[in-house]
Amino acid sequence: HGGDKFVAEMRGPVPERVHLIDMDDGTYAGTYMCRWSGDFALYVTLDGTPVGQSPYMVGVKPGATLAQNCECTLVKMPMSRLVCMAGGQCSFVIFAKDRYGNQREEGGDEFTVKCRGPSAQVGAVLTDNKDGTYLAEFMCTKDGDYFIDVKLERIDIIQSPFVLTVAPAKTEPSCCTCFGVETEAGDGP
């Protein structure tokens, strides 16, 4: 037996459609697909009356990380460049995101960061913050433009490679040397 008019809906960060199927045996199956992560409430009613303990709380976590949706703080500055001083610490943050653009809440992804430019390839230290963000730190010792490649499993993240401009460091007086031309001093009149 079946034929009852149950209604189900997901309410949360965005409403999600719930499709109910009458199994013709007194049971009903429901399916939904959430594209957004967060806390949702599943409301199930029959003739406008809540069923059981409705609403039911449903926690939706982000899906697997997708390289093409990941961003870094360099992306948040469109048409601009990260500028560092030669010999100074440079850093940026990578944000892991799933196929729908949801920020991941845990670490464990295998990002790689390579920095290449006037001083050949510069090694970067990558720290997994265990919250879906990763801190990349490196130091370039020569001024000029560098390219920063950020990849997840050999696939570039959004807008990678990025341009990094390394400005000359401030002149350090203790590292300077002076050379002069020998001249003969005159005796004067």
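The values are calculated or read from the model by the stated rules, or taken from the named source; none is laboratory data. Computed from a predicted model, the values in this text were never measured in an experiment. Backbone-built Cβ (ideal geometry, glycine too); neighbour counts: all protein chains shown. SASA here: full protein model, heavy atoms, side chains in, ligands and nucleic acids out. Shrake-Rupley method; radii C 1.70, N 1.55, O 1.52, S 1.80 Å.
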Note to self: For a test of the definition: using alpha carbon positions, the gyration tensor, and the 1.5 limit on a/c, classify the stretch 1-73 as rounded, prolate or oblate.
What the structure shows: prolate
Next item on the list: Between 53, 121, 159, find the one with the highest GNM mean-square fluctuation for the chain; connect C-alpha pairs within less than 10 Å.
Entry: 53
Item checked: All-pairs Cα distance distribution in the chain, expressed in whole percent, bin size 10 Å -> 8, 24, 18, 14, 12, 9, 6, 3, 2, 1, 1, 1, 0
Notebook entry, point to check: Hey, how many Å between the Cα centroid of the stretch 97-113 and the Cα centroid of the stretch 15-69?
Noted result: 25 Å
Check: Put +1 on the Cβ of each Lys and Arg and -1 on the Cβ of each Asp and Glu in the chain; which of 21, 55, 127 then has its Cα farthest toward the positive end of the dipole?
Finding: 21
Note to self: Taking every DSSP beta bridge with both residues inside the chain, roughly what % is antiparallel (nearest 5)?
What the structure shows: 95 percent
Notebook entry, point to check: Which residue, 30, 132, 123, tops the fluctuation ranking in a GNM of the chain built on C-alpha contacts under 10 Å?
Noted result: 30
Checklist line | Rounded to the nearest 20 debye, dipole of the chain from Cβ charges on Lys, Arg, Asp, Glu | finding: 260 debye
Next item on the list: Just the isolated ones, please: cysteines in the chain lacking another cysteine beta carbon under 4.7 angstrom.
Entry: 34, 70, 72, 115, 140, 175, 176, 178
Note to self: Give the lysines reachable from residue 142 as a straight Cα distance under 20 Å; neighbours fewer than 8 places away on the same chain don't count.
What the structure shows: 114, 170
Next item on the list: Mind checking the stretch 1-96 for trypsin sites (Lys or Arg not before Pro) that DSSP puts in a loop (not H, G, I, E or B) and that have at most 10 other Cβ atoms within 10 Å?
Entry: 5
Checklist line | Per residue solvent-accessible surface (Å²) - the chain, probe of 1.4 Å | finding: 65 Å²
Notebook entry, point to check: Sorted by average packing, counted as other Cβ atoms within 10 angstrom per residue and highest first, what order do 88-96, 162-170 take?
Noted result: 88-96, 162-170
Next item on the list: Among 115, 101, 91, pick out the residue whose Cα is farthest towards the positive end of the charge dipole of the stretch 83-130, where Lys and Arg carry +1 and Asp and Glu carry -1 on C-beta, about the Cα centre.
Entry: 115
Check: Which entries in the list 97/151; 5/61; 61/130 go over 25 Å, if you measure between the two C-alpha atoms of each?
Finding: 5/61
Check: Can you give the longest stretch of the chain with no exposed loop site, where a site means GluC sites (Glu not before Pro) in a DSSP loop (not H, G, I, E or B) with at most 16 other C-beta atoms within 10 Å?
Finding: 1-104
